[in-house]
Amino acid sequence: MADRSGAYSEAQVIARLREIFASLHPRIEVGIGDDAAVVRGSSQQVITTDVAVEDVHFNKRWSNAFDIGRKVTAANIADILAMGAKPEYLVVALSLVGDEGIERVREIAEGIKHEADKTGTHVVGGDIARASAISIAMTAIGSVERAITRSGAQVGDGIYISSLTGWSAAGLHMLTHDIEALHAVHAMALNEFRAPSLDYGIDFSRANALTDTSDALLFSCQSIAEASGVNLHIDTSLVESAYEFTELSLLAQSVGIDVYEWILGGGEDHVFLATGVDLPGIRIGDV
């Protein structure tokens, strides 16, 4: 691939990506550079795929290339973690316009690697193509002994979230309304929209049901309720006792928004939602 000025070729891009994603992990038999990757898997593998398209899922005016790479990777890894699984491998298909410059491509790749490294996930292959807009299609593969699905919620379970939702929606509101970041809480909202910080350290392995909240907390609760044949009741007094609620609420008040529009209806947080007994995180209600 090259733009009209011949800035770079597809071979140059692949060579740069091979350097960035190089790995000596013993379970990777063949990595980037052949017709397909060869890896050693487990008896139960979890597979998910997602695609992010410029001006639909990310905007170059709002996010730098490094953060775009991070955000797309976090979304895919979150889906593996939301099954109670360990993420292991990523395959990435990158569509480029051709005028990005190889430095921008490198920054996207480094953003992908930065986020993947947090869970020991390895990029083992992918593809590059020319398109009218930048897009990143990613497939994540993980392994699990016992998958935790949305259908396991039981009457009497508590409802838990790994952290407070709504920050990404707050950041999007700031960007779409040209609100200047004057305080640390503003910066936090913008950062969570541009590259959400997943709760990698939380242990929901004892959960009865598990999902992530990329499509909004209420939608995720509904998906567990329908899959499990139960009702989920959210207690707003529990939500309001959560760490960071005051900061998010004050930010919402300052821009004339009901904070629950962000907490319950905002998306792209990639906060984990679980039901079970005495789980970590923030308890927000009951099954």
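The values are calculated or read from the model by the stated rules, or taken from the named source; none is laboratory data. Small disclaimer: the values here were computed from a predicted structure and weren't measured. As a convention, Cβ positions derive from the backbone with ideal geometry for all residues, glycine included, and neighbour counts pool all protein chains shown. To get the accessible areas, we keep the full protein, side chains included, count just its heavy atoms, and leave off ligands, DNA and RNA. Shrake-Rupley method; radii C 1.70, N 1.55, O 1.52, S 1.80 Å.
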Could you please find all residues in segment 172-191 being crowded, with 23+ Cβ neighbours inside 10 Å and under 30 Å from residue 88 (Cβ atoms)? none
Would you confirm, using the coordinates I've provided, whether residue 220 is touching a residue at least 60 places away in the same chain (Cβ under 8 Å), closer than 24 Å to residue 76 by Cα and of a type in the set (Gly, Ala, Ser)? no
For segment 45-133, please list each of the strands (runs of 3 or more DSSP E) lying entirely inside it that holds at least 2 residues being over 26 Å from residue 201 (Cβ atoms), open to solvent by 60 Å² or more (accessible area, probe 1.4 Å) and modelled with pLDDT under 95. 122-130
Working only within segment 215-229, note down all residues that are crowded, with 18+ Cβ neighbours inside 10 Å and assigned to a loop (DSSP other than H, G, I, E, B). 216
Just to be sure before I move on: is residue 281 surrounded by 16 or more Cβ atoms within 10 Å (Cβ to Cβ) and at pLDDT below 95 in the structure I sent? no
Hey, can you tell me all the residues within segment 192-214 that are under 18 Å from residue 76 (Cα atoms) and either surrounded by fewer than 18 Cβ atoms within 10 Å (Cβ to Cβ) or among the hydroxyl-bearing types (Ser, Thr, Tyr) (or both)? 197, 200, 201, 211, 213, 214
